[in-house]
Amino acid sequence: MQPAGASAVNHAKVLLMGKSGSGKTSMRSIIFANYIARDTRRLGATIDVEHSHVRFLGNLVLNLWDCGGQDTFMENYFTSQRDNIFRNVEVLIYVFDVESRELEKDMHYYQSCLEAILQNSPDAKIFCLVHKMDLVQEDQRDLIFKEREEDLRRLSRPLECACFRTSIWDETLYKAWSSIVYQLIPNVQQLEMNLRNFAQIIEADEVLLFERATFLVISHYQCKEQRDIHRFEKISNIIKQFKLSCSKLAASFQSMEVRNSNFAAFIDIFTSNTYVMVVMSDPSIPSAATLINIRNARKHFEKLERVDGPKHSLLMR
């Protein structure tokens, strides 16, 4: 029996695939296991399939299947383990090493994955991460990524794939994984509508919602145009690193206020599963008022997370 008012748990099977050494386990460890980039060097190769269950936003559980990319394992995935691996998949994330010298083999394995997905999970969402972009000369990155993206989209037909350039050494990893997880959040439109109402009520320039453990951006609303289009993933990266630094000192990160002559930004624990960031530029609104507004909205957003298929709305008054 499920307790009254509790939400059903949504399980999402996520396949993480790509050849051995492409960087799959490193990115998973940074996003979900609080590794910093330099510590991933000690990670060994994945043997066969590593399963991990990550609770995300309370009622969403990501069943991550990190599939080892050695040739023997890859061949088994497409033959003896085909049904087990590719059945009931919601998301396939395929990681390509941008500097791979076996591009033809990489593409062959990718196409084999797509055939198995088409047969077993035709509604799965496909994401391709062109990884280790930090190893490419900076003035060549746009060109190389665009060429690879065109090739992957062509090879993916009739399925559609979304492509991202990534590196564990910068914020691009957070952009890719935020986009992936966003696709899996139940009732995300309802969440965004309430976030918009909250931002308008408190007269904020922008409000961001972060998942508490990973600090991935899961929703946002902006009232004013902002110049830096990469600001979300940069903030995720910076605050995640700061949180890790705090934990090494046996301290826990709870909140932060950053203020200058142009704006004030508040980052605070919001619900049991999220942090919120509120950006204000009106100097006539004191910090205390914004912090009270954040506190008063907590109960409402907690209810949104608990109720299955939220029908409640934070209304303008």
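Phi-derived couplings, Karplus 6.51 cos²θ - 1.76 cosθ + 1.60 at θ = phi - 60°, listed residue by residue for segment 144-161: 5, 5, 4, 4, 5, 4, 4, 4, 5, 5, 5, 5, 7, 4, x, 6, 10, 10 Hz, with x used for Gly and Pro. Contact order normalised by length for segment 5-133, with contacts defined as Cα pairs under 8 Å and 6 or more residues apart; what percent is it? So the answer I get is 32 percent. With a cut-off of 12 Å between beta carbons, the residues surrounding residue 103 carry a summed charge of -3, where Lys and Arg count +1 and Asp and Glu -1. Phi angles of segment 73-88 translate, via the Karplus equation with coefficients 6.51, -1.76, 1.60 and θ = phi - 60°, into HN-Hα couplings of 5, 4, 4, 5, 4, 8, 10, 5, 9, 3, 5, 4, 6, 9, 7, 6 Hz per residue; Gly and Pro are given as x.
Ignoring ligands, DNA and RNA, what accessible area per residue does the chain give at 1.4 Å, in Å²? Display every interim value, and only then the final one.
Working: 16040 Å² over 317 residues.
The answer is 51 Å² per residue.
State the answer as a single residue: which of 140, 119, 173 lies farthest towards the positive end of the charge dipole of segment 95-190, with beta carbon charges of +1 for Lys and Arg and -1 for Asp and Glu, about the Cα centre. Looking along the dipole axis, the top candidate is 119.
The residues packed around residue 280, meaning those with a beta-carbon under 11 Å from its beta-carbon, carry a net charge of -3 if Lys and Arg are +1 and Asp and Glu are -1. With contacts taken as Cα pairs under 8 Å at a separation of at least 6 residues, the chain carries a relative contact order of 17 percent.
Beta bridges assigned by DSSP with both partners in the chain are antiparallel in approximately 55 percent of cases. Computed over protein heavy atoms with a 1.4 Å probe, the carbon and sulfur contribution to the accessible area of the chain reaches 49%. Taking Cα centre as origin and charging only the Cβ of basic (Lys, Arg, +1) and acidic (Asp, Glu, -1) residues, the dipole magnitude of segment 227-270 rounds to 140 debye. Given R0 = 41 Å, the distance between the Cβ atoms of residue 222 and residue 80 translates into a calculated FRET efficiency of 0.25.
Couplings for segment 19-35, taken from phi via the Karplus curve 6.51 cos²θ - 1.76 cosθ + 1.60 with θ = phi - 60°, read 5, 4, x, 6, x, 4, 5, 4, 5, 4, 5, 5, 6, 10, 10, 6, 7 Hz in order; Gly and Pro are left as x.
Placing +1 on each Lys and Arg Cβ and -1 on each Asp and Glu Cβ, with no other charges, gives segment 163-317 a dipole about its Cα centre of roughly 280 debye.
Springs join every pair of Cα atoms under 10 Å in this Gaussian network model of the chain, and among 122, 283, 186 the largest mean-square fluctuation is at 283. Taking every alpha-carbon pair under 8 Å whose residues sit at least 6 apart, segment 176-314 reaches a relative contact order of 25 percent.
The values are calculated or read from the model by the stated rules, or taken from the named source; none is laboratory data. Bear in mind the structure is a predicted one, so any value in this text is a computation, not a measurement. Quick reminder, even Gly has a Cβ in these numbers, built from the backbone with ideal geometry, and neighbours come from all protein chains shown. The accessibility values were calculated without ligands, DNA or RNA, using every heavy atom of the protein model including side chains. Shrake-Rupley method; radii C 1.70, N 1.55, O 1.52, S 1.80 Å.
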